[in-house]
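Peer 1: Dumping the structure here so I can ask a few things about it.
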Amino acid sequence: MRVGSDIEAALSQTQINNSKKSFIFGCGYEDGADNNIGCSYKERIWCKRKTNLSEFIDWCKQLGNKITDTSIDSEEVLRGTLMPKALTQRPKLFPFCIDWSAEFYINSELRYSFIINNITYYFYNVSLVLVNPSDTGNIKLGFEVDGKILLELELENFTNSQNFSDYRFLKKNSQLVALIKFGTKEQIIEGYFYENPPVVWFANGDFLEGNNYIELKSLINPYNKELIKNWDWTGIDLSIEAQGVNPKKTNSIQYRSLEILKTKDYDIIYDDDGSGEIADIVTFKILDDKIEVELYHIKYSKSGKVDSQISNLYEVCGQAQKSVNWKFKKNKEFLEHLLRREIKKAKTATCSRFEKGTKDDLVRILDLVHNRIPIDFKIFIVQPSVSQATVTEQQLTLFGVTENYLMDRSLINLNIIGSA
């Protein structure tokens, strides 16, 4: 038994040669839900899960069906397993997305806050973003609040004094005091990130956690351009993304998107744009057996027109991937996040984020999920610079990376909205 990503470096070759595998344990996703399974050399099988006796019996039956299914080739199963590789330098690939470690999503968001130069910022109002991403040099990440980078860190991969692969996080401003508070504990951010490194995704679908590099083993198929829908952007400045607060920018992409969505039969339309957002727009529709939630991620065109710039897609594809984490949060957490952010602010101006419906309507949905009514998520990317007529293979491949991630992890289809 060997535990830890860097344990092998501390073992002698004799210890490795004289050992044999005692068990295997894996984590992943099945039928749109997270799952895990372990198996020992002596054929004992287990799963790490807190549940009740009825669900345990169901798990045993499902597992029994797999064990007796002769069509399953165990060699094929293991061939697709993603195995981390310890790196001494970052891969020369373009990073397009960064997200908090799983720890932030497992726990309540109220558990976390950041103290930067003695000012407290709550987790639900902070975004983790890439700063000037490039395919070379240290990966730079920033803590963004209200469009401003308050703290910038660099992820450095290197070989340590024991000649092992290692990594660290360096503050750009060494004089700045930055702490993370989780529960009743406080820790410097660099140390906490070393223990819980964020996830960095690259444009080919691979990802990096600290110095652990995971390469995808499956072929990424380009997104089917025939599935790209188009909306009418007449009179809209495609270089203006957000509608703001008051007065609202009626020539923005978000404003027109809200106009179009208001013509449809939603119970709630919510403007969640800003640092800490789940999506730029969140809609709710209550059905008899479920609640449909649609997450719309919006991005402007850098040229202000329809074109083929891949740079128009990096950030919005990353936002779509990050938002899938909310499917695995408790529904109560998802809804309370929106309730906490109900007032939208910009300098001295304020307004409600509810474009249709009210806070009371969202509280009613909260009551429904308490009664175990499920939430069904759909994810959309709105980028008017994209068109079926001009979209490139490079753009479709990046869409394919995001589509593959959403489907493999959560069984959620990716929907693209562009221009005619």
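The values are calculated or read from the model by the stated rules, or taken from the named source; none is laboratory data. On a predicted model such as this, the values are computed, not experimentally measured, just so you know. Quick reminder, even Gly has a Cβ in these numbers, built from the backbone with ideal geometry, and neighbours come from all protein chains shown.
Peer 1: If I ask for residues that are touching a helix residue (DSSP H, G or I) at 6+ places or on another chain (Cβ under 6 Å) and within 16 Å of Glu403 (Cβ to Cβ), which ones from the range 311-339 would you list?
Peer 2: Leu313, Cys317, Ala320, Gln321, Val324, Lys327
Peer 1: Another question, if that's okay. Of a type in the set (Gly, Ala, Ser), at pLDDT below 95 and surrounded by fewer than 20 Cβ atoms within 10 Å (Cβ to Cβ): does that describe Gly142? If you could, list the steps in order and put the result at the bottom.
Peer 2: Numbers: of a type in the set (Gly, Ala, Ser): yes; at pLDDT below 95: no; surrounded by fewer than 20 Cβ atoms within 10 Å (Cβ to Cβ): yes.
No.
Peer 1: Now, a different point. Could you figure out which of (1) closer than 30 Å to Lys171 by Cα; (2) β-branched (Val, Ile, Thr); (3) touching a residue at least 24 places away in the same chain (Cβ under 8 Å) isn't true of Thr81?
Peer 2: Among (1) closer than 30 Å to Lys171 by Cα; (2) β-branched (Val, Ile, Thr); (3) touching a residue at least 24 places away in the same chain (Cβ under 8 Å), Thr81 violates only (1).
Listed here are the residues, each with its yes/no results for (1) of a type in the set (S, T, N, Q); (2) part of a loop (DSSP other than H, G, I, E, B); (3) within 20 Å of the chain's Cα centre (by Cα); (4) surrounded by 21 or more Cβ atoms within 10 Å (Cβ to Cβ).
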residue: Pro247; (1), (2), (3), (4): no, yes, no, no
residue: Tyr266; (1), (2), (3), (4): no, yes, no, no
residue: Gly274; (1), (2), (3), (4): no, yes, yes, no
residue: Ile278; (1), (2), (3), (4): no, yes, yes, yes
residue: Asp289; (1), (2), (3), (4): no, yes, no, no
residue: Leu295; (1), (2), (3), (4): no, no, yes, yes
residue: Lys302; (1), (2), (3), (4): no, yes, no, no
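Peer 1: Only one of Ser419, Ser352, Ser387 is among the hydroxyl-bearing types (Ser, Thr, Tyr), in contact with a Pro (Cβ under 9 Å, 6 or more places away or on another chain) and over 28 Å from Ile98 (Cβ atoms). Can you tell me which? So that I can check it myself, show each step before the final result.
Peer 2: On the way: Ser352 fails: in contact with a Pro (Cβ under 9 Å, 6 or more places away or on another chain); Ser387 fails: in contact with a Pro (Cβ under 9 Å, 6 or more places away or on another chain).
Checking each option against the conditions leaves just Ser419.
Peer 1: Of the conditions (1) at pLDDT below 85; (2) closer than 30 Å to Ala203 by Cβ, Tyr41 fails just one. Which one is it?
Peer 2: (2)
Peer 1: Something else: State all residues of the range 372-383 that are assigned to a strand (DSSP E or B) and either within 11 Å of Cys317 (Cα to Cα) or among the basic types (Lys, Arg) (or both); if no residue qualifies, say none.
Peer 2: Of the range 372-383, the ones assigned to a strand (DSSP E or B) are 375-383.
Correct list: Lys378, Ile379, Phe380, Ile381, Val382, Gln383.
Peer 1: Could you give me the residue pairs with C-beta distances under 6 Å whose first residue belongs to the range 314-333 and is basic (Lys, Arg), whose second residue is crowded, with 17+ Cβ neighbours inside 10 Å wherever it lies, and which are 6+ apart or on separate chains?
Peer 2: From the range 314-333, the pairs are Lys322/Asp99; Lys327/Phe377; Lys327/Ser410.
Peer 1: If you go through the range 26-77, how many residues are of a type in the set (Val, Ile, Thr) and under 30 Å from the mean Cα position of the chain (by Cα)?
Peer 2: The initial filter retains those residues of the range 26-77 that are of a type in the set (Val, Ile, Thr), namely 37, 45, 51, 57, 67-68, 70, 72, 77.
With the extra rule that they be under 30 Å from the mean Cα position of the chain (by Cα), the set shrinks to 37, 51, 77.
Adding up the residues that qualify gives 3.
Peer 1: Say we look at the range 118-167 and pick out the residues that are among the hydroxyl-bearing types (Ser, Thr, Tyr) and assigned to a loop (DSSP other than H, G, I, E, B); which of these is nearest to the chain's Cα centre (by Cα)? I'd like the intermediate steps shown before the answer.
Peer 2: First, pick out the residues of the range 118-167 that are among the hydroxyl-bearing types (Ser, Thr, Tyr): 120-122, 124, 127, 134, 136, 159, 161, 165, 167.
Next, from what is left, pick out any that are assigned to a loop (DSSP other than H, G, I, E, B): 134, 136, 161.
Numbers: Ser134: 20, Thr136: 23, Ser161: 34 Å.
Here the residue is Ser134.
Peer 1: Would the range 170-192 turn up any residue that is of a type outside the set (A, V, I, L, M), within 17 Å of Lys85 (Cα to Cα) and modelled with pLDDT of 95 or more? Quick ask: steps written out before the conclusion?
Peer 2: Let us first name the residues in the range 170-192 that are of a type outside the set (A, V, I, L, M), namely 171-175, 181-187, 190-192.
Applying the additional criterion that residues be within 17 Å of Lys85 (Cα to Cα) yields none.
For the range 170-192, residues of a type outside the set (A, V, I, L, M), within 17 Å of Lys85 (Cα to Cα) and modelled with pLDDT of 95 or more: absent.
Peer 1: Within the set of pairs 6+ apart or on separate chains, which have a first residue in the range 94-112 that is within 20 Å of Asn204 (Cα to Cα), a second that is of a type in the set (Gly, Ala, Ser), and C-beta atoms under 6 Å apart?
Peer 2: If the second residue must be of a type in the set (Gly, Ala, Ser), the pairs left are Phe94/Ala203; Phe96/Ala203; Phe96/Gly318; Cys97/Gly318.
Peer 1: Select from the range 350-362 the residues that are surrounded by 12 or more Cβ atoms within 10 Å (Cβ to Cβ) and not aromatic (Phe, Trp, Tyr) and list them in ascending order.
Peer 2: Within the range 350-362, the first condition is being surrounded by 12 or more Cβ atoms within 10 Å (Cβ to Cβ), and the residues that meet it are 351-359, 361-362.
Within the range 350-362, Cys351, Ser352, Arg353, Glu355, Lys356, Gly357, Thr358, Lys359, Asp361, Leu362 qualify.
Peer 1: I've got another one for you. Can you list residue pairs whose Cβ atoms sit under 9 Å apart, with the first residue in the range 357-371 being in the same structural domain as Glu342 (by TED's automatic domain parsing) and part of a helix (DSSP H, G or I) and the second being of a type in the set (Ser, Thr, Tyr) and surrounded by 14 or more Cβ atoms within 10 Å (Cβ to Cβ)? Count only pairs 6 or more apart in sequence or on different chains.
Peer 2: Leu362/Tyr270
Peer 1: Still on this model: Is at least one residue of the range 362-375 of a type outside the set (A, V, I, L, M) and in contact with a Phe, Trp or Tyr (Cβ under 9 Å, 6 or more places away or on another chain)?
Peer 2: In the first step, residues of the range 362-375 are kept if they are of a type outside the set (A, V, I, L, M); the result is 364, 367, 370-372, 374.
From the residues that got through so far, the ones that are in contact with a Phe, Trp or Tyr (Cβ under 9 Å, 6 or more places away or on another chain) too are none.
No: the range 362-375 contains no residue that is of a type outside the set (A, V, I, L, M) and in contact with a Phe, Trp or Tyr (Cβ under 9 Å, 6 or more places away or on another chain).
Peer 1: Moving on. Give the number of residues within the range 179-198 that are in a helix (DSSP H, G or I) and in contact with a Phe, Trp or Tyr (Cβ under 9 Å, 6 or more places away or on another chain). Working first, answer last.
Peer 2: First pass over the range 179-198, keeping only residues in a helix (DSSP H, G or I): 189-195.
If we keep only those that are in contact with a Phe, Trp or Tyr (Cβ under 9 Å, 6 or more places away or on another chain) too, we end up with 189-194.
Total meeting the criteria: 6.
Peer 1: Those residues that are free of Cβ contacts under 8 Å to residues at least 40 places away in the same chain and crowded, with 19+ Cβ neighbours inside 10 Å, I need them from the range 229-245; list them, please.
Peer 2: Answer for the range 229-245, where residues must be free of Cβ contacts under 8 Å to residues at least 40 places away in the same chain and crowded, with 19+ Cβ neighbours inside 10 Å: just Gln243.
Peer 1: Do any residues in the range 40-58 that are of a type in the set (Ser, Thr, Tyr) have Cβ atoms under 7 Å from those of residues that are at pLDDT below 90 and outside any loop (DSSP other than H, G, I, E, B), where the two are at least six apart or on different chains, and which pairs are they?
Peer 2: Taking only residues 6 or more apart or on different chains, the pairs are Ser40/Phe23; Tyr41/Phe23.
Peer 1: Something else now. How about the range 79-101: which of its residues are part of a loop (DSSP other than H, G, I, E, B) and basic (Lys, Arg)?
Peer 2: Arg90, Lys92
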